1. Specify the inter-centroid distance of region B:59-76 and region B:170-200, based on alpha-carbon positions, in whole Å.
2. Express in whole angstrom the spacing between the alpha-carbon centres of region A:146-225 and region B:203-253.
3. When only C-alpha pairs under 8 Å and at least 6 residues apart count, what is the relative contact order of region A:92-152, in percent?
4. Carbon and sulfur together cover what percent of the accessible area of region A:55-292 at a 1.4 Å probe radius?
5. Multiply the residue gap between A:Leu123 and A:Ala156 by 0.36 nm, knock off their C-alpha separation, and tell me the result in nm, one decimal place.
6. What chymotrypsin sites (Phe, Trp or Tyr not before Pro) in region A:61-145 are in a loop by DSSP, with at most 15 other Cβ atoms within 10 Å of the Cβ?
7. Please give the net charge around B:Ala9, taking every other residue with its beta carbon less than 12 angstrom from that of B:Ala9, where Lys and Arg add +1 and Asp and Glu add -1.
8. At 1.4 Å probe radius, can you tell me the per residue accessible area of the protein assembly as shown in Å²?
Amino acid sequence: MDVIDTTMTRSRPVPLLLPEDKKRITPKRPRDYVAWAVAIAIVAGLVWTAVTNENYHWPVVFSYFTTETILEGLLVTLFLTAASMTLGTLLGLVLAVMRMSPQRPVSGLAQLYIAFFRGTPVLVQLIFWFNIAALYPHLSIGIPFTGVSTPVDVNAIMTPMTAAVVGLTLNQAAYMSEIIRGGFASVSRGQHEAAESLGMSGFTKLRHVIIPQTMPAVIPATGNQVIGMLKETSLVSVLGVADLLQSAQAIYARNYQTIPLLIVASLWYLIMTLVLSVPQSMIERRFSRSTRTRLTPAATSAGPGTGPGAGAGQAVPTTRESLL
Amino acid sequence: MNADGTIVARKLCKSFGRHQVLRDIDLTVKAGEISCIIGPSGSGKSTLLRCVNGLETVDRGVLKVNGEDFGYVEKDDAYHAVRPKRLAEQRARIGMVFQQFNLFPNMTAESNVMSGPVLVHKKDRAASRERAQELLARVGLEGCGHKYPAQLSGGQQQRVAIARALAMDPTIMLFDEPTSALDPERVGEVLSVMRDLAGNGMTMLLVTHEMGFAREVADEILFMDEGIAVERGDAREVLANPREKRTKAFLERVL
């Protein structure tokens, strides 16, 4: 036996490793290969059916992918997303500040608004705004208790596009206000106290101290809202606004190529959400700059609720550099 | 007579719900004097300090800071709360240093120090920056102005916080357990900054557990227990020969 052993080591010279020099590895187990095999099989199957099934009509998809109608619809979708997100965020900020007001009537009004607009479906709200003229056929814009006023025909103003922007904005504001309020809640009481003890007014405090600190909590959630909003705009097709989906529908109503045109629309939605996720992660990184280093031991001592020994107190000079 | 830098409290009362945290507190701090409030936790000492710059409101009693009623104006029937703008003006004259530093994490050390003068007093940026650098140098942090609070140690953060309060040219400085959240080795650097301030004639009111520091720099000591001002007097006298039994028992435990 001894002889065999020595010959074997001679024929396959293994470098002599001391146990303390040996690396530690996790050998691959069968399940790792199985997972790969199953995943590849599923993707391959999907590709196979997409390629071989004639009903997809890929040539039709490609021929309509950049038609003028589709591209115009795309622009409308982008405009609706940008407009209702911007307006919705501004209104949401106002609502969030109102909601936190110590004055009951002010916070109550905001609460009522949020409850109403989160509690009813967006689709219903959109149709509702489009038909608002049935409720208020004539509005007068003017100064109360004076003769100055201009009558407005609500039917003329409430075009499908206006109804779409109004509906999406008001709905978005309710959601954004809750996100922003969550951001405010993430800022410690001590920050308010520090700002107040310097004599800052409420507005200065919010603008320079509190709101910048809400950004790390608000930005990622807002990014999700933008992507959600982009897809939500497809609802406005029921009002006849010529957005991406409505444009696709308009084409397949004429040529009956329903599936290929829905694929065109879906691909565009997919491309836009993927493109949007890039600036989102960039902005996220930009806003977490001053707070990222909070993870270091030096910073934990600055946070509220520091336990004994948590304030290790050493500056970590390399942290910032390594982040940049 | 100029009453800047003085604090007068008579029969201050304050409750949180049913729990009375301040019971008929009397306090006098003369200009340039250093007063320490000591006592067990939950005795109301932090609350008293926070009342002096309006972080808490007083239920009853007289509170005059810099010679004028603080946060309220006296009317025939009651003290009426002043408008937020007036309260902010009064607060701007009082510096506050917190246990948890409360630096603004979104601003550099320098911007933290500049924030008061620029955002509240609307002072010129360049001049404020220069002043901020002077103040940072004064607390021993020359060249740290560009750093964010998260990059500074606890002791450094607290010194920036002191510089930030000083930038408002306060007549009074309040310290709420300024060294309690610090490593033992970092306590000294903060105390030495405070010692320097005391030597320059700043009126200081501080809540502290640093008895050695109190003995060294304080003029007066107020010992509080369960919302009551148990004993008040000359700092060294109270620490060496407490008259009250409760003071004696407390000092025996902490010294």
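1. 28
2. 49
3. Values: 29 pairs, mean separation 9.9, N = 61.
Worked out over region A:92-152, it gives 16 percent.
4. 69
5. Details: separation 33, 0.36 × 33 = 11.88 nm, distance 2.15 nm.
Extending this stretch completely gives an extra 9.7 nm.
6. Numbers: sites: A:Phe62, A:Tyr64, A:Phe65, A:Phe79, A:Tyr113, A:Phe116, A:Phe117, A:Phe128, A:Trp129, A:Phe130, A:Phe145; in loops: A:Phe145.
For chymotrypsin sites (Phe, Trp or Tyr not before Pro) across region A:61-145 that sit outside H, G, I, E and B with at most 15 neighbouring Cβ atoms in 10 Å, the list reads A:Phe145.
7. Once all neighbours under 12 Å are counted, the net charge is +3.
8. Numbers: 31060 Å² over 579 residues.
Dividing the accessible area of the protein assembly as shown by its residue count gives 54 Å².
The values are calculated or read from the model by the stated rules, or taken from the named source; none is laboratory data. The structure presented is a predicted model; accordingly, all values stated were derived computationally and were not measured. FYI the Cβ positions are ideal-geometry reconstructions off the backbone, even for glycines, and counts take in every protein chain you see. Ligands, DNA and RNA are excluded from the accessible area calculation, which covers all protein heavy atoms including side chains. Shrake-Rupley method; radii C 1.70, N 1.55, O 1.52, S 1.80 Å.
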